[in-house]
Amino acid sequence: MDFYTYPKPNEGIGVRSSEDVLREVKEILPADMSGQDPDRIVGRLRELLCCTSSGAELADYLVQLAPGVYDSKVAGVLAAASTWAYSDPDTFRRQMQVRICPAYYAAASFQNDALLLNPAAYMIQSADMRLGILCFRGTQLTKMIDLLTDLSSKPDPFYAVGSVHGGFLRSVRALMPPIKAWLEDARRGHGIHATGAEKNARCCGTSHRGDGSESKLKALYITGHSLGGAIAAIAAALIHADEELGAFREVLRGVYTFGQPMVGGKAFARKCHTDFGARLFRHVYHWDVVPSLPPRTMGAFEHFGQEYEATETGWQYRDGSVAQSRVGSLRVALAGLSWVMDQLQGVREQPIIRDLALLASRWTGNPPSLADHSPLNYLRTSQVIRPGVEFDPR
């Protein structure tokens, strides 16, 4: 298991005063600019100035929201976290620092090819210790292990409450030792960058049960895209099923998932809907194929929570849920073809191709799309931003 923390345990973090910022700016800007790399200087200035009051204000905003209240600003922050979770931990931290700063960061990843496991988790903790964001990485298309995890749908029992997708559950279980350590340190008001997660991950049977004291952690959000969304939903279910995690049920503000597949059977879904369905917000972008998976041929699965669909002005609540696909291979094949055609704009504009597409849509209804599953679509809809600016230098 690999670990990442920021800052290092022996380094402090805090909100700089105006005088401190001015002093550090003078240190960064040399008296003689000749021969200096302007990109490096600008980068250092941006990193310094990111820790402004806006980051602290956003953290306050997230803490003060009531549990179960959907918020578009929260969706924007968590969609960004879910998108940048596909990158390395340092890039994730730099991108999220633009939004929540100052803050502590921690990450853990686990890989076991024989068990078909390659999950990763990130956690952000605000400097005042009141806010925690737990984010899971989704399916990496270049990693065959991730794809096999998605296909390992043979159900595993979930406590005494039905069954869940075996690959998803094992992914969560593999990451729980460091996650429990992060959450417990956050509850006690300790920085997760100095947590004993790495040590605890190697110690079997280490208990993280709360001691009954008042939690310093006031608001916890869980998020992820695709496979990460499935893991996020099961992690929330574990908080409500595992007594060691019982202290975090009251502080769970919301679970925001993007392009999440179904994770469990009817009994599991009904129990989770009762426990935290009002705090689970599933986002579905147009005809994204993944929310309709796993297909019925791999077993009966069912969604729970509240569903939001993409519109031109952001996300809108939809009464109902995406239906489970009956034949997954056909649906995924159509989704792949849709993605190819989406890239071939010149071909799509040919009259015969438009006519064939119209006939196909009448036959299949609204065809599934693999292109619609891209985390960029979810990020842009959540933030209603101009396409391309999410890659602007930070």
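None of the figures in this text is laboratory data; all of them are computed from the coordinates on show. Values in this document were obtained by computation on a predicted structure and should not be read as measured data. Glycine gets a Cβ as well: all are built from the backbone with ideal geometry, and neighbour counts include every protein chain shown.
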Name the pairs: first residue in region 93-115 and charged (D, E, K, R), second residue part of a helix (DSSP H, G or I), Cβ to Cβ under 8 Å, at least 6 apart or on different chains?
ARG94/GLU47; ARG99/GLY55; ARG99/LEU58; ARG99/VAL77; ARG99/ALA80; ASP113/ILE145
Inspect region 135-142 for any residue being among the aliphatic types (A, V, I, L, M) and surrounded by 20 or more Cβ atoms within 10 Å (Cβ to Cβ) and give the result as yes or no.
no
Residue check, ASP71 within 22 Å of LYS180 (Cα to Cα), among the charged types (D, E, K, R) and out of contact with any helix residue (DSSP H, G or I) (no Cβ under 6 Å at 6 or more places or on another chain)
no
Mind counting the residues in region 103-140 that are touching a Gly at 6+ places or on another chain (Cβ under 6 Å) and more than 19 Å from ASP90 (Cα to Cα)?
1
